[in-house]
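One structure below.
The values are calculated or read from the model by the stated rules, or taken from the named source; none is laboratory data. Every value quoted in this text rests on a predicted model; they were computed, and no experiment measured them. As a convention, Cβ positions derive from the backbone with ideal geometry for all residues, glycine included, and neighbour counts pool all protein chains shown.
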Amino acid sequence: MLFGVVFPQHWMYSAFMLMALIAFVLIRRSALVRPSVDRLRHPKSRWIPIAAFVGGMFGAKLPFLLFPSELSSAHSPGWLADGKTVVTGIMGAYAAVEFLKAVVGIKERTGDSFAIPLAVAMSIGRLGCFFNGCCAGNVTSVFWAMDFGDHQLRHPIQLYESMFHLFMVVVLYMNRDNARLRNQQLKFYLLCYCLFRFLTEFIRPAPRLFGDLTFYQYAVLVLAAGLLFQWKIHSKPESFQSEV
């Protein structure tokens, strides 16, 4: 074991979540976001962040309400479940924003302005999971394995994911003026995350469902399919569909 025992620090989880939220807000207003991204001018655009927050919170907890016995644990029962719900949280936030924009008639595409801030926030948020001792991976013998309080050496999945999102910040920043990703950066980022999450589920201690896949693997397959469908639709010059 390389780092020794990690003792859960629950207060640090809240601190990192707050830092992630602050970082998201500040970075979305900074020069890291491509200057050519159009800002929303619709009078009801102020409801978009609220829709994303509500949809994300509901989506993040929904799996634990639908499958309490399969997805809950002694440390994270039901509604108080741990951060592994990030996949359905993203799905809930994305769906809520799309629904709001369709209802109020917002046509502007603003996904590019969310990609880098979200990646930074996710990277910071996963550090909160690390210090909280939740969302750890399977028992392993790799030399960087860590003890998260159960006296078992496990994959530090939280650090893997934090590094992935930080890597995506660099990739997105380097391609923020890439014409091929114009209005598609958020989809590109989320598709990359879907692939990452699908693969890392094989070293997570999640219950196996049909085909020996986890609930979250099926969730990212659904999310990826929806993103690819939207990408195809929004790539058409004549398309005027709303986009997150």
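Annotations for the structure displayed:
To keep it simple, each residue is scored yes or no on (1) in a helix (DSSP H, G or I); (2) touching a residue at least 12 places away in the same chain (Cβ under 8 Å); (3) touching a strand residue (DSSP E or B) at 6+ places or on another chain (Cβ under 9 Å); (4) not hydroxyl-bearing (Ser, Thr, Tyr).
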site	(1), (2), (3), (4)
Gly149	no, yes, yes, yes
Leu166	yes, yes, no, yes
Val169	yes, yes, no, yes
Tyr173	yes, yes, no, no
Leu191	yes, yes, no, yes
Leu199	yes, no, no, yes
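- Residue within segment 217-233 that is within 22 Å of Gly92 (Cβ to Cβ), in contact (Cβ under 8 Å) with a residue 60 or more places away in the chain, outside any loop (DSSP other than H, G, I, E, B) and in contact with a Phe, Trp or Tyr (Cβ under 7 Å, 6 or more places away or on another chain) present: yes
- Which listed residue is β-branched (Val, Ile, Thr) and under 16 Å from Tyr189 (Cα atoms), from Val97, Val104, Val120: Val120
- Candidates Gln158, Gln185, Gln152: the one that is under 22 Å from Arg208 (Cα atoms) and in contact with a Lys or Arg (Cβ under 8 Å, 6 or more places away or on another chain) is Gln158.
- Every residue from segment 137-161 that is charged (D, E, K, R), farther than 15 Å from Pro205 by Cα and loosely packed, with under 14 Cβ neighbours inside 10 Å: none
- With respect to the conditions (1) over 19 Å from the mean Cα position of the chain (by Cα); (2) at pLDDT 85 or above, Ile106 lacks only one, and its number is (2).
- Of all the residues in segment 130-147, those that are out of contact with any strand residue (DSSP E or B) (no Cβ under 6 Å at 6 or more places or on another chain), more than 17 Å from Phe196 (Cβ to Cβ) and assigned to a loop (DSSP other than H, G, I, E, B) number 7.
- Output for segment 162-212, where each listed residue is surrounded by 14 or more Cβ atoms within 10 Å (Cβ to Cβ), of a type in the set (D, E, K, R) and over 14 Å from the mean Cα position of the chain (by Cα): Arg176, Arg182, Glu201, Arg204
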